[in-house]
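Have a look at the structure below before the remarks.
Quick note: the coordinates plus some simple rules give every number you see, no bench work behind them. Keep in mind that what you see is a predicted model, and the values were worked out from it rather than measured. Here the Cβ positions follow ideal geometry from the backbone for every residue, glycine too, while neighbour counts run over all protein chains shown.
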Amino acid sequence: MPELPDVAVYRKLLDATSLQRTIEQVSFSDSRILRGVSVRKFSDLLKGNRFERSLQHGKNLLVELSGGSPHVWLHFGMTGALHYLEKHEKEPAYTRCVFTFSGGDRLAVIDQRLLGKIGVVESPESFSREKGLGPHALGEEMNAERFIRILSGRKGMIKTALMNQSVIAGIGNIYADEILYQASIHPESDVRRLDEATLRDLHTVMKRVLRTAVEKGADAEKLPRDFLMPNRRAGTKCPRCRGSIEKIRVHGRGTYLCPRCQKRE
Ligand SMILES: [Zn+2]
């Protein structure tokens, strides 16, 4: 499921290939991915226009159009991705939407399970407000003070808080596990029991894990060896203590941890 680092990879791809190019055509092989706007209106808005620049907020990608507002909104659901195709390249399976640029190259939105969304939003600010999104996890505004303020005194488990998009935007099931593993915190720890020093450390770890994942192209195989992600199987050895990785469920989500390294607070 695409989380902040995966969306950052799609953003890089879009920035490297698709900015400042005239959009000649927009086509849908399945328009259910389009939300809140008709195919006709969406196409009219984009045709002859260009993607000016992109912006990421959590798991959302917003793309400003050359004609000013509105922005195109992309959310990748469970299985969404972007692919760039040169003129003669065949579209991959599960292509749902294709932006064709003058010259014939295309940007394709792929989504097998069709839980992703494409839409139109007035501005990044109004979008974040309407969706009730917390600060972008890698945003400058998400400094240690803000992180501590947001989490202190919250009820419930730390993993649930990290995954709550209205608290912090961008972290999902897999990176929540990674961050808590790297910070040696048990995912079921009560947030109220984490003191300020622990939260400060968790903030540093969150930034480091997400930045590392973005640098490595969100590819689990390329992550450092002491990361949990390449070892997400019950019974594999913890890369740190060689103990056994365990799988539990936290709020219904499969959660991996090392019970020896991650103590419950
Ligand atoms: Zn361990």
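Tell me, in nm to one decimal, what length is gained between Ser102 and His251 on full extension, where the rule is 0.36 nm per residue of separation less the Cα-Cα distance?
48.9 nm
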## Note on the structure
Nearest-0.05 FRET efficiency for Glu130 and Lys155 at R0 = 25 Å, using Cβ-Cβ distance, is 0.45
### Query
Past the 23 Å Cα-Cα mark, which pairs from Lys12/Lys207; Lys59/Lys237; Lys12/Lys59; Lys59/Lys117?
Lys59/Lys237
### Query
If you line up the long axis of helix 196-215 against the longest principal axis of the chain, both from Cα atoms, how many degrees apart are they, to the nearest 10?
40
### Message
Can you compute the modelled spin-label distance between Thr22 and Thr236, with each label point 7 Å from Cα toward Cβ, in nm?
### Response
5.0
### Message
Expected output is a single nm value to one decimal: the length gained when fully extending between Gln112 and Asp44, i.e. 0.36 nm times separation in residues minus the C-alpha distance. What is it?
### Response
21.9 nm
### Extended-chain gain in nm, criterion 0.36 nm per residue less alpha-carbon gap, Leu13 and Lys263
86.1 nm
#### Entry: Per-residue [θ]222 nm for the chain (sum of -39500 (n - 2.57) over DSSP H runs n ≥ 4, rounded to 500)
-8500 deg cm²/dmol
### Summary
Straight-line reach check, Lys159, cutoff 14 Å on alpha carbons, 8 or more apart in-chain or any other chain, hits among aspartates and glutamates -> Asp177, Glu178, Glu188, Asp190, Glu265
## Note on the structure
Where a ≥ b ≥ c are root eigenvalues of the Cα gyration tensor, a/c under 1.5 meaning rounded, otherwise prolate if a/b exceeds b/c and oblate otherwise, region 24-110 counts as rounded
#### Entry: Relative contact order (%) - region 4-131, alpha-carbon pairs under 8 angstrom, separation at least six
29
## Note on the structure
Where a ≥ b ≥ c are root eigenvalues of the Cα gyration tensor, a/c under 1.5 meaning rounded, otherwise prolate if a/b exceeds b/c and oblate otherwise, region 192-265 counts as oblate
### Task
List the relative contact order of region 105-204 as a percent without decimals, with contacts defined as Cα pairs under 8 Å and 6+ residues apart.
28
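Once you sort the root eigenvalues of the Cα gyration tensor of the chain as a ≥ b ≥ c, which label holds: rounded (a/c under 1.5), prolate (a/b larger than b/c) or oblate (the other case)?
Prolate is the answer for the chain, as a/c is 1.5 or above and a/b outweighs b/c.
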## Note on the structure
Taking Cα pairs closer than 8 Å and at least 6 residues apart, the relative contact order of the chain in percent is 17
